[in-house]
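K.L.:
Pasting a structure below so you can have a look.
A short reminder: the numbers here are calculations on the coordinates, not readings from a lab. Quantities reported herein were computed from a predicted structural model and do not represent experimental measurements. Glycine also receives a Cβ, built like all others from the backbone with ideal geometry; neighbour counts cover every protein chain displayed.
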Amino acid sequence: MGIPERRSMSGKLSNRVAVVTGSTDGIGFAIARRLAQDGAHVVVSSRKQQNVDRAVAILQTEGLSVTGTVCHVGKAEDREQLVATALEHCGGIDVLVCNAGVNPVVGSTLGSSEQVWDKILSVNVKAPALLLSQLLPHMEKRGGGSVILVSSIAAYTPSVELGAYNVSKTALLGLTKTLALELAMKGIRVNCLVPGMIKTNFSKMLHKDEVFWKRFKENQRLQRIGQPEDCVGLVSFLCSPEASYITGESIVVAGFSPRL
Ligand code: NAP
């Protein structure tokens, strides 16, 4: 990947560097685009080189300052490469959005094999914490930063189809609280985006299922499926100085509220 063009972007995130995992498609791609539109230099990443190349090319064509690298968040060496890319091409790190998440099977919690549990917990829960620990010294050098974890509405209203995934996304609410507490003294805020049903490849199996869709609409107050762009305004705000007194918060973007 080439060095990102350093156009002087004005905006609330100008001169910031943002690392977004799982950002070549869906919600992560929309977040990467928005943070770059806000003036940040964005490091795009995902598992497949051709997806990284495609996403970087699209965003650079739009005049945005992005670079990219392959990073499977479950692999330590890929996480190291992601950090190295941000430092080498952008000179530091201010924002981390942990968006990559997987759900390899549809089925119950107790029906999940050990292999399935390991994969879901490794990618969805362990990887954000491990990546943040690798980035932390560099964020501290910049005097603080902002971290966004991406959970799911399944954390609050679990679906029977999504057993272990529900649990992993609930764990992220706890991780948000714990990290917010641990990192407050370092000037690092940690908040959580909690998307509802968003139209992406990841949710295709559900939003194409007529029975699920009917049940969904009965419970869904705004009567529409979300788009990846519905998530980006919140992330942009939480990463910006406008949210400087907000940490440890989880905010639902779902067209309804599942809690008091
Ligand atoms: P998506 O459209 O399928 O995009 C997933 C992105 O993540 C792709 O860029 C993919 O690229 C990358 N990726 C997948 N596994 C990865 C891994 N192990 N390491 C690094 N990158 C990886 O998915 P999405 O719907 O935007 O979902 C994004 C996040 O939102 C997930 O955490 C998901 O749990 C959460 N979420 C989604 C919904 C929804 O309705 N869509 C609802 C609630 C929460 P590669 O294939 O190149 O790796």
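K.L.:
Can you list the GluC sites (Glu not before Pro) in segment 58-150 that are in a DSSP coil and have 11 or fewer other beta carbons within 10 angstrom?
P.N.:
Of the GluC sites (Glu not before Pro), the ones in loops of segment 58-150 whose Cβ has at most 11 other Cβ atoms within 10 Å are Glu62.
K.L.:
Under the rule of at least 5 residues apart or a separate chain, name every residue whose amide H is placed under 5 Å from the amide H of Ala254.
P.N.:
For Ala254, the qualifying residues are Gly196.
K.L.:
Cα-Cα over 25 Å: which of Lys12/Lys204; Lys169/Lys199; Lys48/Lys214; Lys169/Lys217?
P.N.:
From the list (Lys12/Lys204; Lys169/Lys199; Lys48/Lys214; Lys169/Lys217), the Cα-Cα distance tops 25 Å for Lys12/Lys204; Lys48/Lys214.
K.L.:
Under the rule of -39500 (n - 2.57) per DSSP H run of 4 or more residues, summed and divided by the residues of the chain, what mean residue ellipticity at 222 nm is obtained, to the nearest 500 deg cm²/dmol?
P.N.:
It comes out at -12500 deg cm²/dmol, rounded to the nearest 500.
K.L.:
Which distance in nm do the two modelled labels at Gln223 and Lys141 give, with both placed 7 Å along the Cα-to-Cβ direction?
P.N.:
The modelled label-to-label distance comes out at 5.4 nm.
K.L.:
Which helices, taking whole DSSP H runs in the chain, have alpha carbons extending 27 angstrom or more along the helix axis plus mean Kyte-Doolittle at least 0.5?
P.N.:
Taking the DSSP H segments of the chain (at least 27 Å long, mean hydropathy at least 0.5), we get 163-183.
K.L.:
Something else now. On a C-alpha basis, how far is the centre of segment 180-258 from the centre of segment 22-54 in Å? Whole number, if you could?
P.N.:
Computed from Cα coordinates, the inter-centre distance equals 17 Å.
K.L.:
Which loop-located chymotrypsin sites (Phe, Trp or Tyr not before Pro) does segment 179-245 contain, where loop means any DSSP state but H, G, I, E or B and the Cβ has at most 13 other Cβ atoms within 10 Å?
P.N.:
Sites meeting the loop and neighbour criteria: Tyr245.
K.L.:
Now for a separate question. Which net charge results for the neighbourhood of Gly248, defined as the other residues with beta-carbon distances under 12 angstrom from its beta-carbon, given Lys and Arg at +1 and Asp and Glu at -1?
P.N.:
Net charge around Gly248: 0.
K.L.:
Excluding Glu182 itself, calculate the net charge of residues whose Cβ lies under 15 Å from the Cβ of Glu182, where each Lys or Arg counts +1 and each Asp or Glu counts -1. Walk me through the numbers on the way to the answer.
P.N.:
On the way: positive: Lys177, Lys186, Arg189; negative: Glu140.
With Lys, Arg at +1 and Asp, Glu at -1, the net is +2.
K.L.:
Next up: With a 10 Å radius around each residue's Cβ, average the other Cβ atoms per peptide and rank 64-72, 221-229, highest first.
P.N.:
On the way: 64-72: 24.1, 221-229: 14.3.
The packing order, highest mean first, is 64-72, 221-229.
K.L.:
If you don't mind, another one. Using Cα-Cα distances under 8 Å and only pairs 6 or more residues apart, what relative contact order does the chain have, in percent?
P.N.:
Details: 508 pairs, mean separation 47.5, N = 260.
Across the chain, relative contact order equals 18 percent.
K.L.:
Going by average Cβ density within 10 Å per residue, which order do the peptides 189-195, 153-159 take, highest to lowest?
P.N.:
189-195, 153-159
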